[in-house]
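Peer 1: This is the structure I want to talk about, given as structure tokens.
The values are calculated or read from the model by the stated rules, or taken from the named source; none is laboratory data. It should be emphasised that the depicted structure is a prediction, and the values quoted were computed from it without experimental measurement. Reconstructed Cβ throughout: ideal geometry from the backbone, glycine too, with neighbour counts over all protein chains shown.
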């Protein structure tokens, strides 16, 4: 497994109030990276994923010093921290938790009882399998 690689990039948050209130995020460090959010917090969360996605499998560019960037009145610099190892772990976890359809056979009376009592058979089977396979 890879070692932790934490990256910090300055980004440009642009605040808009035209078709609603929202923020766009770009970074001269990562050409083509653009994302947005309805709030600063949402934009920052989306920026983490956008940066990680753009840098997935790429050489990580050095962070530029934003002091020479010229900003518009609606723009501000926000530093975004991305832990690539955490991002890869989350991506792997999401792939592993993808559900698949599986047909099972059980006695009719159990099926009828489960329907009558509104029991989620898929959840029960998943929990039972997790318990058996963890032990």
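Peer 1: Can you tell me which of (1) at pLDDT 95 or above; (2) not assigned by TED's automatic domain parsing to the domain that holds residue 55 is the one residue 14 doesn't meet?
Peer 2: Only one criterion in (1) at pLDDT 95 or above; (2) not assigned by TED's automatic domain parsing to the domain that holds residue 55 is unmet by residue 14, namely (2).
Peer 1: Would you say residue 14 is in contact with a strand residue (DSSP E or B) (Cβ under 7 Å, 6 or more places away or on another chain) and without any contact (Cβ under 8 Å) to a residue 60 or more places away in the chain?
Peer 2: No.
Peer 1: Restricting the search to region 112-128, which residues are in a loop (DSSP other than H, G, I, E, B) and surrounded by 10 or more Cβ atoms within 10 Å (Cβ to Cβ)?
Peer 2: 119, 120
Peer 1: Another question about this same structure. Within the set of pairs 6 or more residues apart or between chains, which connect a residue that is assigned by TED's automatic domain parsing to the domain that holds residue 129 and at pLDDT 85 or above inside region 101-113 to a residue that is in a helix (DSSP H, G or I) and loosely packed, with under 10 Cβ neighbours inside 10 Å with Cβ atoms less than 7 Å apart?
Peer 2: none
Peer 1: While we're looking at this one, here's another question. When residues of region 17-55 are filtered for being touching a helix residue (DSSP H, G or I) at 6+ places or on another chain (Cβ under 9 Å) and without any contact (Cβ under 8 Å) to a residue 12 or more places away in the chain, how many remain?
Peer 2: Of the residues in region 17-55, 2 are touching a helix residue (DSSP H, G or I) at 6+ places or on another chain (Cβ under 9 Å) and without any contact (Cβ under 8 Å) to a residue 12 or more places away in the chain.
Peer 1: Of the conditions (1) closer than 22 Å to residue 7 by Cα; (2) free of Cβ contacts under 8 Å to residues at least 60 places away in the same chain; (3) touching a strand residue (DSSP E or B) at 6+ places or on another chain (Cβ under 8 Å), residue 72 fails just one. Which one is it?
Peer 2: (1)
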